[in-house]
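These notes are about the structure you will find just below.
Derivation of every value follows stated rules applied to the coordinates shown; laboratory data play no part. Every value quoted in this text rests on a predicted model; they were computed, and no experiment measured them. Glycine also receives a Cβ, built like all others from the backbone with ideal geometry; neighbour counts cover every protein chain displayed.
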Amino acid sequence: MKILVTGAAGFIGYHTVNRLINEGHQVIGIDNLCDPDTVDLKKVRLSLLGISPDSIQDATPIRSSIAIFDFIKLDILDREKLLQLCHECKFDVIIHLAAVAGAEISSKYPLPFYDINTTGTLNVLEAARLTGVKHIFFTSSSVVHGKLSQAPMKELDNVDTPMSMYAASKRAAELLCYSYAYSYNLPVTIFRLFTVYGAWCRPNTIPMRIAHDITEGKPITVINNGYLVRDFTYVDDVIDGMMFTINTPSHKPGQPPYALYNVGRSTPVPYLSFIQSIEMALGQPAIIEQVPTDPFTIGEHVEMYADTTNLEAELAYSPVWDYEEAVPLFARWFKENYNVNFTI
């Protein structure tokens, strides 16, 4: 298949492109490379995919030196260039991963979150509609489960009480996806992802911050006096599920061609246990500071993990990596690359 990947230089984007080209798909990836906090890491990811960072120019395709993969520096907010690319390439599938993430930072800078996550998604959907794309795959986030949701989080939870601009922007994007599926019969599949981690993940993710602070001997602040529960999902599980659904989209007869799944390990893990596992894997002690801050005040739940019943029933698939197995892999990657290929 001919596949467009937005956010191709991002964490999940890199792993997605790598899997797609290994499976023989023809892939074009786009990314704006604009975030100063992640651009260096994005360039390293691209170099691993055979793209020379020094050769990147705006809106100019660059062919990988190791695979059938072209990269274009392009912003999904540039509606005309995005539409032109889709007209020229006639993609079968668009995997839409481009986004800005982070509940806390979105409260300080709400406009970029709305523009990129919501308007950017609208631009992708419209380009798909106008050029005959057969399937859109979109990644949403567990943060859309707002104040009224309770663990384990289900797809049918009331998600109309977002606790951050990040959550609101992702929920708005989900609604746009449903609208395009309903109004234009455009097949859309959405994965709501729960705390994904692995090699080359974003600097502001929980595992990266923990690994960094342990390595640098800095204290790790844990809110709610240390009691937090999360659903830590290894990136290989996400990519496995994505590959399955882009090849076999699951849509119910007599309904719009739309499917949404909560994707996590479905295993509640205490935050402190996860820290301890990284501590052991790195072979360094963690300095932990427990504070009474209420998670709701920064847009988070005390307990957040996925109910994956629908995922298992409709796709016959569920994540398999336990954190005890995956954390050592992540820690080994971190030790080999931190202050070598990236810094935080």
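Taking other C-beta atoms within 10 angstrom as a stand-in for reagent exposure, S107, S55 fall in the order S55, S107, fewest first.
Charging the Cβ of each Asp and Glu at -1 and of each Lys and Arg at +1, and nothing else, the dipole of the chain about its Cα centre rounds to 580 debye.
Using all Cα-Cα distances in the range 50-140, what percent lands in each 5 angstrom bin from 0 up to the longest? The calculated distribution, bin by bin, is 3, 13, 20, 20, 20, 15, 8, 2, 0. For the range 233-344, the normalised intensity computed at q = 0.10, 0.12 Å⁻¹ comes to -0.45, -0.62 (log10 of I(q)/I(0), Debye sum over alpha carbons, equal scatterers, no solvent).
Does the range 190-267 come out rounded, prolate or oblate, given a ≥ b ≥ c as the square roots of the eigenvalues of its C-alpha gyration tensor, rounded meaning a/c under 1.5 and, failing that, prolate meaning a/b above b/c? Intermediate results must be reported in sequence, preceding the final value.
Working: a/c = 3.98, a/b = 2.26, b/c = 1.76.
In terms of gyration-tensor shape, prolate.
Counting only aspartates and glutamates at least 8 places from K42 when in the same chain, those with an alpha carbon closer than 19 Å to its own are D31, D54, D58, D70, D75, D236, E336.
Modelled spin labels at D322 and V291, positioned 7 Å past Cα toward Cβ, are 3.4 nm from each other. Comparing I72, M153, P319 along the charge dipole axis of the chain, the residue lying farthest to the positive side is I72, per the Cβ-charge model.
Projecting the Cα positions of S141, M163, N224 onto the charge dipole of the range 73-226 (unit charges on Cβ atoms of Lys, Arg, Asp and Glu, taken about the Cα centre) puts N224 furthest along the positive direction. Say R0 is 45 Å: what FRET efficiency, to the nearest 0.05, do N225 and N341 get from their beta-carbon distance? Taking R0 as 45 Å, the efficiency between N225 and N341 is 0.80. Under the shape rule built on the C-alpha gyration tensor, where the axes satisfy a ≥ b ≥ c, the chain is oblate, since a/c reaches at least 1.5 while a/b does not exceed b/c. For the range 77-122, the alpha carbon convex hull comes to 66 Å³ per residue, rounded to a whole number. Compared with the direct C-alpha span, the chain from H251 to T309 gains 19.3 nm at full extension, assuming 0.36 nm per residue. Of the beta bridges in the chain, as assigned by DSSP with both residues counted there, near 10 percent are antiparallel.
Only Lys, Arg, Asp and Glu count, each charged at its Cβ (+1, +1, -1, -1), so figure out the dipole size of the range 52-209 about its Cα centre, rounded to 20 debye. Walk me through the numbers on the way to the answer.
Working: 15 positive and 15 negative charges, 68 e Å.
Charge dipole, the range 52-209, about its Cα centre: 320 debye, nearest 20.
Using the average count of surrounding beta-carbon atoms within 10 Å as a protection proxy, the listed peptides 81-88, 233-240, 133-140 rank, highest first, as 133-140, 233-240, 81-88. Charge dipole (Cα centre; +1 on Lys/Arg Cβ, -1 on Asp/Glu Cβ; no other charges) of the range 202-344 amounts to roughly 320 debye. The residue among G132, Y178, P249 whose Cα reaches farthest toward the positive pole of the charge dipole of the chain, with charges on the beta-carbon of Lys, Arg, Asp and Glu, is G132.
Test of understanding: ordering T245, T293, T119, T343 by Cβ neighbours within 10 Å, fewest first, what list do you get?
Placing the least packed residue first, the sequence is T343, T293, T119, T245.
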